[in-house]
Structure formats: C-alpha cells, structure tokens
Amino acid sequence: MSELSPMAAADDGLQLSPPSAAARRGRRRVLALERPTRGMGVPIAISLLPALVLFSIFFLVPLGVVIVTSLSDWGPIGLSFTWLANFSDLFSDPAFITALKNTAFFCAAGVFIQVPVGVALGIILSQRIRGWKVLRTIYFLPNIVSIAALALVYLSVYNPRYGLLNQILGALGFAADHDWLFDLNTALPAVAATWVFTAGVVMILTMAEIAAIPEEIYDAAAVDGASGWTQARHVTLPLLRNVIGVCTILVLLATIGYFDGVYIMTSGGPANHTLTLALYSFQEYSSGHWGYANAIGVVLIGLGLIAIVAIRRLFRVGERDF
Amino acid sequence: MKSTTRWGCALAFLVIAGGLLAACGGSGGGGGTSSSGGSGKEVVITCESCPTTAPKDDPFSVFYKEMWEAFNEKYKGTYRIEPKPFKPTSDEESAEHFEREAATGTLSDLFTDQSNVIRSAAEAGTVLNIAPFLEEDSAWKESFVPEAFASASNEAGEIFGVPEETDSIGIYYNKGLFAKAGIGSFPTTWEQLLEDCSKLKASGTIPFAMDGDWVTQLMWTNLIGTQPGGEKFLKHEISEGNYADNPIVVKATEFLKQMHTEGCVNSDAFSGNYESAAAPFLAGEAAMIANGPWMTSEIAAEGTKEVGYERSPGDGLIVVTGSAVWASGAHDSESEEAVIAFMKFLTSEEEMFTKAVKTGSYWPIEFTPSASQVKKLDPLSYKLVSETPEVKYTYPNSKFDTSQQFSTEWINDWPAYVQGGMSTEEFLDALSAAQEKQ
C-alpha cells in the first residue's frame with residue numbers, strides 16, 4: 001500500500017483520523033522572517049550597532065538605573081541603599097494598593113470594553129455596509145487627538161457648573177449639578193469613560209486582519225449555507241485570535257502606564273479614587289522620594305512583562321490560523 | 001551582493017549614523033554661562049527668574065523684566081544679569097527643579113520661589129547665606145519690616161533669601177450681587193456669613209467661590225486665625241502636624257465643610273484649579289472670593305464691576321511677608337557681590353513702590369508713601385494695607401509653613417471629606433501625615 005499524503009487522501013475522498021496536535025501546529029503560519037543568507041551576519045551586526053548603542057543608552061541604562069535605585073532611599077539630598085525596604089513598604093502603603101486596584105480597573109476596562117468594541121466595529125465595517133469608509137474615519141478621529149487633549153475636553157464636558165453632560169441631563173429633567181470627576185462614586189468610571197470607547201486602533205487592526213483572510217474560506221462557508229452573521233461568528237471571529245491578542249497587549253500596555261489623562265482631570269483624587277501606579281510614581285518623584293518612585297516603576301515594568309507573556313501564550317500571538 | 005559592497009554599505013551607514021550622533025551632541029552642548037565676564041571687569045550673573053518676554057496681561061512678568069533691565073542699565077560695565085528663564089507649569093515642577101539644582105550644585109546666581117521651597121533647597125548647602133551681607137550693611141538690614149526674613153531663615157540664623165513683598169490677603173466681594181440679595185454690608189462674623197450665604201443663594205448667586213486648593217485654604221486659614229490662639233498655631237505650630245488634636249483646627253475645618261454642605265460654594269469647588277474659583281467671581285456669578293491684592297489687576301482686566309475688598313469675618317487678615325523670596329546659588333565672591341547689589345536694588349524704595357503700582361503687591365520694607373504716591377496705588381488693595389494696624393487678628397497664610405505634600409493631600413482628600421467619605425479626624429490625620437512626611 002502506497003503512502004498517502006493527507007491532501008491526496010482528501011482528494012481521493014478517504015476518511016483519515018484527525019491530525020495530531022503537532023500536525024495542527026505545523027499547519028499554522030508562524031509569522032517569522034527567514035534566516036539571513038551566509039556571509040551577511042557581520043554586516044547586519046554592524047548595521048545594527050548604532051541602533052543597539054542608542055537602545056542601550058536611552059533604554060537599557062535608564063532601566064538599569066531605575067532597577068538599582070529602586071533598592072535605595074534616593075532623593076535630592078543623597079542616596080543610600082536600603083535593598084528591599086521600598087518594596088516591603090509598597091505593599092503596606094494604602095495609596096499603592098489603591099493605585100494598583102485602580103490600574104487593574106483601567107486595564108480591565110481596556111481589555112473587556114475597548115478591545116471587544118474595536119473588534120466588533122472592525123467586523124461590522126468589514127462587511128462594507130453603506131457609508132463604512134465615513135464611519136471608519138469618524139470612529140478613528142479621536143485616536144488622532146492626544147489623550148491629554150481629550151482629557152481637557154472632558155474636563156469641560158464633566159464640569160458641574162457649565163459642563164455639557166450636566167446641561168444635557170438638566171434638559172432631560174435630571175439633577176444637573178453632579179461633580180462627575182470629584183464624586184467618590186463616579187470619579188473612576190468617569191475617567192475611564194474618556195478613553196475606553198476610543199477603540200479606533202483596535203478597529204483598524206481588526207479590519208486589516210480580516211482583509212488578509214483568504215476569500216476561499218468564506219466561499220466554502222457560503223457553499224455550506226453560512227449567512228453573513230454566521231460567517232462573522234464562526235469564521236471571522238475565530239480567525240482573529242492573533243490580532244485580538246496583539247490588540248489586548250497594546251491596550252494593556254497603554255492602560256498599565258495610564259498617566260496623562262488622570263493627571264490632567266483629577267490628579268488622582270478624590271482621596272486617591274483615580275490614582276494610578278504611573279501617577280503615584282510621578283507624585284512620589286515630585287515629593288523627592290526618587291527611590292520609592294522607581295520601586296513603583298519596577299512593579300509597573302514587572303506587571304507589563306507578566307501581561308505580555310501571559311497574553312502571548314493565551315492568544316498564541318504570532319501564529320495565524322490561515 | 002559582493003562582499004566588498006556589503007562592507008562598503010555597512011561602513012557608510014556607520015559614518016552617517018556617527019555623523020548624526022555628533023550633530024545631536026553638538027546641538028546640545030555649548031551655551032554655558034560663566035559667572036565672570038571674559039573682559040575681567042563686568043561680572044555676569046545668571047538668573048532663572050528673569051523673564052525675557054512679558055505678556056501685557058501679566059503685570060508681574062512686566063515688572064520683573066523691566067526691573068532686571070533697569071539693573072543692567074544702572075550697573076552697566078560692572079554687573080550684568082544674563083537671564084536663563086525657567087518657566088515651570090506648576091508649583092510642584094518649580095519646587096522639584098530648584099531642589100534638584102540645589103542638590104547637584106547647579107543653581108543659577110539668582111532665582112525666586114516660595115520661601116518653603118527655598119528653605120528645603122537650602123538643606124543641600126548650596127544656597128547662599130545672605131545673613132553676613134545684611135550684618136555688613138545695617139542700613140539695608142534695618143530697612144526691612146520686623147520678621148521679614150523669618151520665612152527664609154533657619155534656627156542657626158542663616159538667611160537664604162530676600163523677601164520682596166508683604167501681602168494683606170482679604171476677601172473680595174461683589175457689591176452689586178450683595179445688593180441684589182438685600183445685603184447691606186460685608187459680614188463681620190462667621191454666623192453672619194452663613195446667613196448672607198442663604199440670602200445670596202436665594203437670589204440665584206453663588207455665595208462663595210472656592211477651588212479646593214488655594215482659595216479654600218485661605219478660608220481655612222481665616223477660620224483658624226480668627227479664633228483666640230489661631231495666630232499662634234499658624235505661626236509656630238502648623239508645621240508640626242497633629243491637627244486633629246487641636247480644637248481650633250477641628251472647629252475651622254468643620255465650619256469650612258459646613259459652607260460646602262450648605263451649598264455656599266460653586267459646584268466645581270473641588271477641582272484644585274484656581275480658575276474654578278476665579279472665573280465665576282470675575283464673571284459676576286459668585287459674590288465672594290478670598291485672594292491677595294494681586295487679583296486687582298485681574299479684576300481690572302476682566303472689567304468686574306462694584307468690587308469691594310474686606311478683612312475676613314471675625315476681624316482677621318492674612319498678612320504674609322516673604323512668601324516668595326529671591327535666593328542665590330552664587331559660588332564666588334564676585335558673583336556674590338553682584339547678587340547682593342541686585343537684592344539691594346530690588347528692595348529699594350523706588351523699585352518696591354514701582355512693583356506695588358504695577359502688580360498690587362506691597363513692600364516688605366519700612367516705607368510710607370507720600371500722598372502723591374498713594375494716588376498711584378490701587379485704592380482697593382491699599383485700603384486693606386492701610387487698615388492692617390487696626391485689625392484684631394493678623395496671621396500668616398497656612399501655606400506659609402506647610403509642605404507641598406500637605407497641599408497635594410488637601411486637594412486629594414478635601415472632596416472625600418466634604419462628601420462624608422472621611423471623618424474630620426481622618427482628614428486632619430491625613431494632612432498631618434503628609435506634613436510630617438516632608
């Protein structure tokens with residue numbers, strides 16, 4: 001009996017046992033570049049040298065300084081090593097714990113609201129509905145504006161005395177003097193609402209990924225009787241695993257280090273209800289507690305690394321199913 | 001690609017990258033200013049608080065620019081100020097900047113900031129002690145009002161800055177809005193203030209403009225200072241914390257909270273942004289605001305009508321000498337000599353009077369203006385200055401002896417306290433902890 005390849009067997013209409021996990025992995029397209037040809041190694045290394053030097057000076061050295069000084073009591077007056085004292089202080093510092101919780105809240109808002117909203121919009125607009133180009137442009141516009149500028153706009157929108165939100169609520173017959181940003185109950189969601197729906201980048205990346213899905217897959221689904229919605233749910237969405245992972249990483253990294261918007265709108269108040277880790281680090285730096293601020297920075301870096309590794313594994317980022 | 005071509009490309013890339021790096025380095029260097037001029041005669045001193053441009057609506061910048069230019073003109077060939085303007089966007093940024101420069105020994109020859117910032121910077125040992133220069137020139141020393149140097153000195157008798165103002169900080173009120181509410185005169189007691197608050201609210205006016213920071217803390221200061229023992233607390237005890245144990249502070253804090261809970265303040269009174277308080281007052285929407293004499297220029301610029309300026313209910317007045325001082329990081333005797341010449345020039349009667357006319361900010365020196373000079377001064381602010389000797393309680397501003405952390409904590413916790421998220425004790429303990437943290 002001659003050996004039959006799975007493809008040939010399928011062509012022959014033969015039933016084969018399901019492929020093994022290793023075989024499934026083998027069929028996935030791993031997004032990696034080819035190895036350089038022989039003899040190009042040294043020139044490539046030399047070409048990379050300036051970038052590596054700049055990377056070392058402007059990233060690795062500061063990173064090293066942050067890590068080393070996080071082990072010290074460092075301030076305007078001087079530096080003395082206290083080793084892990086800053087880190088043990090952090091976990092008994094109520095402001096740090098609050099900042100950690102608030103940062104987690106912002107991350108969750110990004111992952112569970114911004115990413116799904118962006119992916120949903122990407123799928124909907126990829127259906128080429130009427131006016132999709134205009135809608136895509138309109139929805140992407142807030143991403144062109146900086147978070148700081150958006151925060152200034154929202155300061156006016158939320159202002160209890162003359163803000164647009166209260167004016168609309170007043171016109172609808174509701175109480176029109178609520179201080180959204182400085183009320184203990186509304187401060188955190190009010191700050192999150194200023195950016196959580198600006199999912200233009202997620203939408204664009206999703207649309208680009210959908211455009212790369214081979215038409216044959218949709219043709220096959222159509223032959224099987226799948227409608228537009230069924231195709232979106234059972235074909236498109238599963239194939240977006242990779243880009244959803246990428247978007248989740250991007251959103252998480254942006255929210256873990258969220259600073260400018262909250263600094264402008266509330267400075268972390270009221271009573272630390274909107275304080276983030278990045279802002280707390282800045283506040284401690286401004287107070288002359290540079291070592292403590294850098295310890296918070298090290299925690300931020302650690303959380304960022306854990307998030308990247310976890311999401312890469314969870315979503316198998318870098319591998320496509322088509 | 002041939003091997004030689006590949007190597008050629010790589011080397012060319014390196015040369016270009018190296019050139020770019022060198023260009024970056026070149027543009028960042030240079031421009032250093034030595035304290036002494038190259039000629040050996042004219043001493044050049046650097047100044048980080050001397051503006052090179054002055055918007056017309058910023059009277060302080062206009063005065064400072066004209067003042068250092070006048071100094072250069074007067075001492076042409078002997079001393080020259082070379083401005084290196086530092087423009088902070090916040091008090092925190094300014095404080096951090098000067099403290100870092102003090103720590104690294106890179107302070108400019110002249111700069112100005114709040115006296116508590118200067119005191120903190122002086123701990124690094126790089127701020128010039130001007131006490132010996134004052135001792136050398138007794139006439140200059142005696143030209144200042146008593147306690148003029150208290151804000152910028154330490155227990156060892158070292159003095160780290162020269163004051164340039166004495167401010168009597170009262171309460172502005174809109175006479176038209178008072179009349180509309182049927183109120184004949186400014187309240188003289190705190191109980192009367194609350195009664196007037198109800199009348200103003202009923203007439204559709206915001207009774208008191210506050211911001212959750214500067215203006216709110218001025219009222220806290222007034223509430224403390226107009227109680228027996230309040231002046232002592234504000235002068236000598238506020239820097240030590242333990243506020244919850246002091247009944248004067250507890251009473252003042254709870255009254256201020258009551259003003260908020262009874263709706264006596266604007267709805268955006270928690271922003272921590274001065275504009276939240278200034279804007280409704282200047283627009284004629286709020287009836288009262290606590291602020292210093294420098295606000296008269298804003299009132300004039302905005303055209304706010306029928307404004308009066310009074311001492312606090314309870315017959316008190318915040319009087320601050322040396323809230324901001326000029327200091328120096330000069331390292332050599334020639335620069336020190338030039339710096340002292342500048343400080344004497346700045347605190348001369350002529351310059352202090354000019355400053356009062358231009359900015360509404362008054363002098364820290366023993367000086368009585370002539371009748372013709374008085375006519376040139378702003379009547380609103382000068383009225384309060386001239387009344388100061390008659391006031392029952394005079395006391396410094398609470399910001400005078402508290403840290404930046406105290407202010408940050410206040411902005412952070414005040415909304416929570418007013419909304420009932422913290423008790424008075426918890427709020428005051430948080431302020432004490434912030435003050436003790438400095």
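For the stretch B:338-410, the list of GluC sites (Glu not before Pro) that fall in a loop by DSSP and count at most 16 other C-beta atoms within 10 angstrom reads B:Glu366.
The helix-based estimate of mean residue ellipticity at 222 nm for chain A, built from -39,500 (n - 2.57) per DSSP H run of four or more residues and divided by its residue count, is -18000 deg cm²/dmol to the nearest 500. Based on the Stokes-Einstein relation at 4 °C and a viscosity of 1.567 mPa s, and on the Kirkwood radius from alpha carbon pairs, the stretch B:292-438 is assigned a translational diffusion coefficient of 69 µm²/s. The relative contact order of chain B, computed from alpha carbon pairs under 8 Å that lie at least 6 residues apart in sequence, is 23 percent.
Along the positive direction of the dipole of the protein assembly as shown (beta-carbon charges: Lys, Arg +1; Asp, Glu -1; about the Cα centre), which of A:Val53, B:Gly157, B:Phe427 reaches farthest? Highest projection toward the positive end goes to A:Val53. Placing a pseudo-label 7 Å from each Cα along the Cα-to-Cβ vector at A:Asp224 and A:Leu164 gives an inter-label distance of 4.5 nm. Evaluated at q = 0.06, 0.10, 0.11 Å⁻¹, the base-10 log of the normalised Debye intensity for the protein assembly as shown, with identical point scatterers placed on the Cα atoms, takes the values -0.51, -1.17, -1.32.
For B:Lys358, a cut-off of 16 angstrom between C-alpha atoms picks up these lysines, skipping any fewer than 8 places away in its own chain: B:Lys56, B:Lys65, B:Lys375, B:Lys376. An ellipsoid equivalent to the stretch A:112-200, defined through the eigenvalues of its Cα gyration tensor, has semi-axes of 29, 15, 13 Å when rounded to whole angstrom and sorted largest first.
Each principal axis of the Cα cloud of the stretch A:82-154 was evaluated for its coordinate range; sorted largest first, these ranges are 62, 26, 20 Å. Would you list which lysines come within 17 Å of B:Lys305, measuring only between C-alpha atoms, while excluding same-chain residues fewer than 8 positions from it? Within reach: B:Lys175, B:Lys180.
Projecting the Cα atoms of A:Pro116, B:Ile299, B:Val339 onto the charge dipole of the protein assembly as shown, computed from C-beta unit charges around the Cα centre, puts A:Pro116 farthest toward the positive end. Annotation: amide H-H contacts under 5 Å for B:Val265 (H modelled 1.01 Å from N, sequence separation of 5 or more, or interchain): B:Phe208. Length gained on full extension, A:Phe58 to A:Glu319: 90.8 nm, using 0.36 nm per residue less the C-alpha separation. Qualifying trypsin sites (Lys or Arg not before Pro) in the stretch A:113-163, where qualification requires a DSSP coil assignment and no more than 15 other C-beta atoms within 10 Å, comprise A:Arg128, A:Arg130.
Relative contact order, whole percent, for chain A stands at 28, derived from Cα pairs under 8 Å and 6 or more residues apart.
Of all DSSP beta bridges confined to the protein assembly as shown, the antiparallel ones make up roughly 70%. Model label points for A:Asp177 and B:Ala371, set 7 angstrom from Cα along the Cα-to-Cβ axis, are 5.1 nm apart. Evaluated at q = 0.12, 0.13 Å⁻¹, a Debye calculation over the C-alpha positions of chain A (equal weights, vacuum) places log10 I(q)/I(0) at -1.05, -1.14. Note on A:Cys247, A:Cys107: ascending count of other Cβ atoms within 10 Å places them as A:Cys107, A:Cys247, the fewest first.
Relative to the compact-globule estimate of 2.2 N^0.38 Å, the Cα radius of gyration of the stretch A:140-279 comes out at 1.41.
Just to confirm my numbers, what's the Cα centroid distance between the stretch B:47-88 and the stretch A:72-127 in Å? Result: 44 Å between the Cα centres. Working from the alpha-carbon coordinates of chain B, get Rg over Rh, Rh being the Kirkwood radius. Ratio of gyration radius to Kirkwood radius: 1.06.
For B:Lys232, the lysines whose Cα falls under 18 Å of its own Cα, not counting residues fewer than eight places away in the same chain, are B:Lys251, B:Lys392, B:Lys399. Listed by number, the DSSP H helices of chain A that run 30 Å or longer by alpha-carbon position along their axis and have mean Kyte hydropathy of at least -1.0 are A:290-315. If you fit an axis through the alpha-carbon atoms of helix B:247-261 and take the longest principal axis of the Cα set of chain B, what angle between them do you get, 0 to 90°, nearest 10? Computed tilt is about 80 degrees.
Relative to the dominant Cα principal axis of chain B, helix B:59-74 is inclined by about 50°.
Taking the Cα centre of the protein assembly as shown as origin and assigning +1 to Lys and Arg Cβ atoms and -1 to Asp and Glu Cβ atoms, the resulting dipole is close to 4000 debye.
FYI, it's all coordinate maths here, none of it is from the lab. Because the structure is a prediction, the values reported are computed rather than measured. Every residue, glycine among them, receives a Cβ derived from its backbone with ideal geometry; neighbour counts consider all protein chains shown.
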